[in-house]
Amino acid sequence: MNIIVDEVLLHLESSLSAKFDYSDVHKSLDFLFRKSLNDSQTENSKVALSSVEAVLEKVWESLHTGSWADAPDGMRKLYSHASLLKAKLLLKTGNDERLLKKTIKAIDMGLLMGNAFRNELTVAASLLCKALQQTISEVPVKLCDDRESNNSCTLHRNGDHVSTLNQPSLETFLRDFLKSKIPVKITGNMEHWPALNKWKDLNYLVKLAGSRLVPIEIGSSYADADWSQKLITLEEFINIHVVQKGEKPAYLAQHQLFNQIPELKDDIRVPDYCYLTDMDGVEPDINAWLGPKGTVSPTHYDPKNNFLAQVVGSKNIILFDPKWSEYLYPYDDKFLKNTAQVDPVKPDLCKFPNFSQVKAAHCTLNEGEMLFIPSGWWHRVESLSVSFSVSFWWM
């Protein structure tokens with residue numbers, strides 16, 4: 001383990017050698033960061049750590065003032081840079097399990113809140129996780145199949161089932177579904193994914209990435225008033241919300257987990273269908289969705305085409321053609337305009353009378369199956385069991 005930690009320290013030292021100037025972002029923070037960087041080269045590690053934590057705290061306050069979309073790029077870069085330095089200083093104070101986890105947390109904060117030094121931070125986190133793996137004992141727990149034959153999603157049955165094809169050719173998919181913007185369930189295209197076996201084992205996920213920080217959604221739906229988000233480790237999320245039922249529904253949803261933890265990306269494969277695009281060399285956006293039975297993504301549409309690949313468990317999806325948009329009563333709020341007010345499972349027809357005219361398409365997505373959801377198609381997704389799925393978004 002000491003060898004790995006020494007390797008990380010060398011890596012961080014090299015990463016911190018880059019020239020910088022944050023005076024145009026914030027002069028006093030630029031001064032304080034330079035001071036902490038200079039102190040880190042001496043025996044004043046504790047002083048340097050205190051200084052860099054002060055920088056991170058001030059940048060955090062700035063990033064959480066106003067809308068996240070308006071967060072200054074310079075501040076986010078400084079947060080990444082300061083996180084690199086904090087990681088180095090923490091490792092210089094020791095290398096026991098507690099400090100390794102604290103260092104990984106600092107790195108993940110840099111990845112999640114910052115916008116720079118992504119490769120440097122990712123490499124450091126991966127190496128430290130390898131060091132931690134030498135200290136973690138096995139926990140022989142597997143995700144159980146807790147599906148029920150009857151579920152709430154069957155209530156709205158005014159429509160048809162989505163067509164199912166086994167490994168259609170690229171030509172068939174392009175002609176009959178992509179160009180026509182028609183959903184289709186595809187089977188037999190994930191058999192070569194290592195994730196199909198590996199991800200059923202909770203111990204595999206905990207050992208590989210249990211100490212990594214991930215954003216969790218708390219609440220039944222992001223459209224609800226009591227919905228919130230928080231950062232916890234993947235291990236905490238699995239133990240509190242997946243293995244057992246938490247006080248409130250929790251969901252690791254629409255998170256670019258595979259950019260943050262490249263080791264997990266080795267377990268999946270990008271479907272060839274995603275490369276049927278006019279945009280050469282553009283990789284799809286890949287998101288992770290992990291949660292217990294009953295987690296719901298409310299009826300919404302995405303601006304990009306989507307392949308939803310089911311790795312563990314199963315989901316029930318209700319889809320609506322874009323022609324029914326008006327009858328789904330989208331929110332007026334600019335942040336929720338792609339989300340329907342009406343719940344297709346328990347529609348309030350007094351409040352949303354036109355919904356009675358809508359016809360839906362239905363799909364139950366099981367392990368090893370993928371669903372193509374064309375851009376603009378509305379869809380509600382509910383987990384019928386503990387579920388881990390991957391979405392691929394592309395134009």
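Descriptive notes on the structure:
- Matching residues, the stretch 206-228, being in contact (Cβ under 8 Å) with a residue 24 or more places away in the chain and among the small types (Gly, Ala, Ser): ALA209, GLY210, SER211, GLY219, SER220, SER221, ALA223
- Number of the condition not met by SER17 [criteria: (1) in contact (Cβ under 8 Å) with a residue 12 or more places away in the chain; (2) surrounded by fewer than 17 Cβ atoms within 10 Å (Cβ to Cβ); (3) among the polar types (S, T, N, Q)]: (1)
- Search result, residues across the stretch 194-205 that are surrounded by fewer than 20 Cβ atoms within 10 Å (Cβ to Cβ) and either under 15 Å from the mean Cα position of the chain (by Cα) or touching a residue at least 12 places away in the same chain (Cβ under 8 Å) (or both): PRO194, LEU196, LYS198, LYS200, ASP201, ASN203
- Any hit, the stretch 74-84, residues being open to solvent by less than 40 Å² (accessible area, probe 1.4 Å) and charged (D, E, K, R): no
- VAL52 vs. criteria surrounded by fewer than 17 Cβ atoms within 10 Å (Cβ to Cβ), farther than 27 Å from VAL206 by Cβ and hydrophobic (A, V, I, L, M, F, W, C): no
Conditions (1) without any contact (Cβ under 8 Å) to a residue 12 or more places away in the chain; (2) of a type outside the set (D, E, K, R); (3) in contact with an Asp or Glu (Cβ under 7 Å, 6 or more places away or on another chain), marked per residue:
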| site | (1), (2), (3) |
| --- | --- |
| LYS230 | no, no, no |
| GLU236 | yes, no, no |
| PRO284 | no, yes, no |
| THR295 | no, yes, no |
| ILE317 | no, yes, no |
| PHE320 | no, yes, no |
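- Qualifying residue in the stretch 199-215 (condition: of a type in the set (Lys, Arg) and out of contact with any helix residue (DSSP H, G or I) (no Cβ under 6 Å at 6 or more places or on another chain)): yes
- Qualifying positions in the stretch 85-103 - surrounded by 18 or more Cβ atoms within 10 Å (Cβ to Cβ) and outside any helix (DSSP H, G or I): ASN95
- Pairs, first touching a residue at least 40 places away in the same chain (Cβ under 8 Å) and within 21 Å of ASN316 (Cβ to Cβ) in the stretch 329-354, second in a loop (DSSP other than H, G, I, E, B) and of a type in the set (S, T, N, Q), C-beta under 9 Å, six or more apart: THR339/SER221; ASP343/SER221
- For the residues THR233, THR299, THR277, the requirement of being under 22 Å from VAL381 (Cβ atoms) and either of a type in the set (Val, Ile, Thr) or buried (at least 21 other Cβ atoms within 10 Å of the Cβ) (or both) singles out THR299.
- Taken over the stretch 278-294, residues that are among the charged types (D, E, K, R) and farther than 17 Å from ASN306 by Cα amount to 2.
- Set side by side, the residues LEU349, LEU365, LEU328 differ, and just one is at negative phi, at pLDDT 95 or above and open to solvent by 60 Å² or more (accessible area, probe 1.4 Å), which is LEU349.
- The single residue among VAL270, VAL311 that is open to solvent by less than 70 Å² (accessible area, probe 1.4 Å), outside any strand (DSSP E or B) and in contact with a Phe, Trp or Tyr (Cβ under 8 Å, 6 or more places away or on another chain) turns out to be VAL270.
- Test for ILE318: is it part of a strand (DSSP E or B), of a type outside the set (Asp, Glu), touching a helix residue (DSSP H, G or I) at 6+ places or on another chain (Cβ under 9 Å) and open to solvent by less than 10 Å² (accessible area, probe 1.4 Å): yes
- Residues within the stretch 153-184 that are open to solvent by less than 30 Å² (accessible area, probe 1.4 Å), modelled with pLDDT of 95 or more and outside any loop (DSSP other than H, G, I, E, B), tallied: 4
- Within the stretch 112-138, the residues that satisfy the criterion of being under 22 Å from LYS19 (Cβ atoms), assigned to a helix (DSSP H, G or I) and either among the aliphatic types (A, V, I, L, M) or touching a helix residue (DSSP H, G or I) at 6+ places or on another chain (Cβ under 6 Å) (or both) are GLU120, LEU121, VAL123, ALA124.
The values are calculated or read from the model by the stated rules, or taken from the named source; none is laboratory data. Note that the coordinates shown come from a computational prediction; the quantities given were computed from them, not determined experimentally. For neighbour counting, all protein chains shown are included, and Cβ atoms are generated from backbone atoms with ideal geometry for every residue, glycine included. With ligands, DNA and RNA removed, areas are computed over all heavy atoms of the protein, side chains included. Shrake-Rupley method; radii C 1.70, N 1.55, O 1.52, S 1.80 Å.
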